[in-house]
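The structure under discussion appears below in the form of structure tokens.
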Amino acid sequence: MSSGRDGTMSDDSDDKGRDDKGRDDGGRDDKGNEPLALPPAPAPAASTGRQRLKAGLWPPRASRAQLIVALLLFVLGLGLAIQVRSTSDSSALRGARQEDLVRILDELDNRTQRLEDEKRGLENQRTELENSSDQAEEARRQTEQKAQQLAVLAGTVAAQGPGITLTISDPKGTVESDTLLDTLQELRAAGAEAIQINDERVVADTYFTQSGSSVEIDGKKISQPYRFKVIGNPQDLEPALNIPGGVVQTLEKEQATADVARSQKIVVDALRPSKAPDYAQSSSQ
């Protein structure tokens with residue numbers, strides 16, 4: 001309670017029931033009006049999908065195992081990309097002319113035809129042996145024929161027939177043993193049946209070595225020009241050497257020259273001594 005200037009008493013609780021703006025405890029002002037509603041608090045803005053994705057990805061929260069897996073995948077992808085690019089750049093057929101591609105396809109067809117002919121020959125031998133009235137005599141005849149063929153392959157007898165002569169001139173000495181070996185393999189793949197390089201007969205166990213600037217065949221030094229006498233179908237042998245990226249182009253890159261001449265009679269007369277195997281024996285014994 002407090003006293004006013006006019007001697008009347010006023011209640012302090014009445015003053016406390018009113019706020020600074022003249023409202024009583026009920027929220028009404030001095031005139032009895034309804035209280036004013038306070039504006040609602042602004043609602044938080046809803047995040048978009050992009051924002052949620054960004055928040056989930058950044059900052060990154062990857063585990064150690066995930067980082068290792070990601071690194072391995074990156075290295076694997078890089079290795080595959082390098083391999084594909086290297087293979088594409090080194091392809092011998094890249095940018096080849098149409099006639100070169102046609103010639104390669106013809107060579108593949110010829111190889112397939114040779115295999116088919118060999119298959120038919122074996123089937124005919126079997127049929128003749130089965131239908132012969134004297135199977136023992138037929139078997140002996142076929143055995144002698146096979147022995148002659150094996151003697152040619154073994155280099156123990158001379159051989160003659162159609163084929164080609166390949167002469168490699170290497171004035172700068174850049175042709176090494178691996179190039180001659182590639183040439184030999186290409187000729188064999190094209191159907192060569194008998195091969196002689198200079199004075200050395202080439203057989204199944206022939207090997208090439210490099211001795212300084214010289215090439216050795218089966219341990220014997222040979223000098224240039226390297227002359228290959230090859231018995232086989234000339235129409236198969238010559239194109240095999242001239243395919244894009246083949247023997248002739250490789251020799252030209254090494255500043256050597258290759259001359260190929262066809263002939264209907266090639267004589268291979270260099271012989272290898274007949275040597276019995278030390279360990280291998282016929283399984284029929």
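Coordinate-derived values only; no laboratory data. These numbers were taken from a predicted model, which means no experiment stands behind them. Backbone-built Cβ (ideal geometry, glycine too); neighbour counts: all protein chains shown.
Some points to look at:
- Take each peptide in 190-198, 68-76, count the other Cβ atoms within 10 Å of every residue, and average; sorted highest first, the result is 190-198, 68-76.
- Backbone HN-Hα couplings from phi across the stretch 256-265 [Karplus 6.51/-1.76/1.60, Hz, Gly and Pro as x]: 10, 10, 10, 10, 10, 10, 7, 7, 8, 9
- Panel note: the C-alpha atoms of the stretch 102-268, placed on their principal axes, show extents of 64, 39, 24 Å (largest first).
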